[in-house]
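In what follows, a structure is listed as structure tokens, so that the remarks can point back to it.
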Amino acid sequence: MSIAQIEPSELRTRIQQGDAPLMIDVREPEEVALGMIPGAVHIPLGQLAERVGELDPDRETVFICRSGYRSERACEYLEMSGYDKVINMTGGMIAWQEDEE
């Protein structure tokens with residue numbers, strides 16, 4: 001199974017152009033407290049299974065975590081659940097913050 005990927009710079013461009021996909025941040029609350037991408041929705045990875053009903057299977061959805069590992073697990077889980085428009089943000093918030101500089 002190959003998970004679609006998006007680079008932080010590409011996501012940033014899409015947000016600036018008003019073409020932002022749904023963004024789900026799967027980090028823990030203490031991580032999110034340090035900052036989130038504006039417009040992202042916080043659903044900790046451990047709550048994803050019970051909150052999957054909040055997601056629209058027909059909407060392109062980008063998953064975000066600290067480094068890209070947990071968000072990729074989230075994408076794999078959702079693909080197995082029949083979601084086909086899930087995308088992992090490569091490198092997570094570490095790469096997002098590096099891209100800002």
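Throughout, read-outs are computed from the coordinates displayed, never taken from laboratory work. On a predicted model such as this, the values are computed, not experimentally measured, just so you know. In this analysis, Cβ positions are derived from the backbone assuming ideal geometry, glycine residues included, and neighbour counts consider all displayed protein chains.
Among the residues of segment 74-101, which ones are assigned to a helix (DSSP H, G or I), touching a residue at least 60 places away in the same chain (Cβ under 8 Å) and surrounded by 20 or more Cβ atoms within 10 Å (Cβ to Cβ)?
Of everything in segment 74-101, those that are assigned to a helix (DSSP H, G or I), touching a residue at least 60 places away in the same chain (Cβ under 8 Å) and surrounded by 20 or more Cβ atoms within 10 Å (Cβ to Cβ) turn out to be C75, M93, W96.
If I ask for residues that are in contact with a Lys or Arg (Cβ under 7 Å, 6 or more places away or on another chain) and either among the hydrophobic types (A, V, I, L, M, F, W, C) or crowded, with 18+ Cβ neighbours inside 10 Å (or both), which ones from segment 45-69 would you list?
Result: L45, T61, C65, R66.
If you go through segment 27-73, how many residues are in a loop (DSSP other than H, G, I, E, B), in contact (Cβ under 8 Å) with a residue 24 or more places away in the chain and more than 20 Å from D99 (Cα to Cα)?
6
Going residue by residue through segment 10-19, is there one that turns out to be surrounded by fewer than 17 Cβ atoms within 10 Å (Cβ to Cβ), in contact with a helix residue (DSSP H, G or I) (Cβ under 8 Å, 6 or more places away or on another chain) and over 15 Å from V86 (Cα atoms)?
Yes, some residue in segment 10-19 is surrounded by fewer than 17 Cβ atoms within 10 Å (Cβ to Cβ), in contact with a helix residue (DSSP H, G or I) (Cβ under 8 Å, 6 or more places away or on another chain) and over 15 Å from V86 (Cα atoms).
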